[in-house]
């Protein structure tokens, strides 16, 4: 089982890296890009048979809250892949 | 009075802080490895600058989870004094000892230059010998020094007089041009509600010798020493 955690900057938090990437994309000639926001993606592989799906989700959410994301500036989303 | 300087893998301003305490403050000081947890014999600890854990995940994030930080939280709760400089400020925010966060600089550059900061409040254990409005010349060297917080936190910081330093120009004017990293409200340093924990991005420990271009940092260490002497 695998937990996938997506961490993104909260709306309203300036993302200078996203802005620079948007600028680079536009330099390549891509038009119609309104905004680019950079985030982080984590794959957490759970040991076989260690946790059921619900407990794995709870554990991944706790890891996201306590370590992977800084709740002051970031939001997170967890997906479980059986 | 006894000082401790906490050392994480990747700290690199630990020796500067140690030097300032032993040479300029003239007091005993120890290095404290991040796995040590006994802060008993100390009156003040410094969390120095550097790149703890290589800035992996977020600057200061992994250091904030190391064993010594649980002791630092307890140390702070006992009213002892904690000074976080640069990466130390980032660690204190990540640990929840100070509000807000430090994100990538507005212009993405690593800024390494002398800045001016204005003392916004002398009512802290770290600025007691300075006056409101004093301008200090201190170096900064960081890529993630852009202080952010939500509106409610900013209001609270203002209301409780906890914004300690703001970036300014040579004459003490706070302007966007003098803000090296885009920090909200030009904030360079803040303190905790109880005022015994302070974090700032500039490096006062690199500004204690005229030979290095400024000795304005001594006011901060001198203030702390005076506070500690008064309590002894």
Report, by residue number, each residue of the stretch B:131-161 that is more than 14 Å from chain A (Cβ to nearest Cβ), surrounded by fewer than 22 Cβ atoms within 10 Å (Cβ to Cβ) and within 17 Å of the chain's Cα centre (by Cα).
B:135, B:137, B:139, B:141, B:161
Among the residues of the stretch B:216-232, how many are farther than 20 Å from residue B:121 by Cα and either surrounded by 13 or more Cβ atoms within 10 Å (Cβ to Cβ) or modelled with pLDDT under 95 (or both)?
2
Can you spot a residue in the stretch A:61-70 that is away from chain B (no Cβ under 14 Å) and in contact (Cβ under 8 Å) with a residue 12 or more places away in the chain?
yes
Lone unmet requirement of (1) over 16 Å from the mean Cα position of the chain (by Cα); (2) under 30 Å from residue B:110 (Cα atoms); (3) part of a loop (DSSP other than H, G, I, E, B); (4) in contact (Cβ under 8 Å) with a residue 12 or more places away in the chain for residue A:36:
(1)
Could you please find all residues in the stretch B:184-213 being under 17 Å from residue B:167 (Cβ atoms), more than 13 Å from the chain's Cα centre (by Cα) and buried (at least 20 other Cβ atoms within 10 Å of the Cβ)?
B:186, B:207
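Would you confirm whether or not the stretch B:190-210 contains a residue that is without any contact (Cβ under 8 Å) to a residue 60 or more places away in the chain and more than 27 Å from residue B:23 (Cβ to Cβ)?
yes
The values are calculated or read from the model by the stated rules, or taken from the named source; none is laboratory data. Being a predicted model, the structure only gives us computed values, none of them experimental. Neighbour counts run over all protein chains shown; Cβ positions are idealised from the backbone, glycine included.
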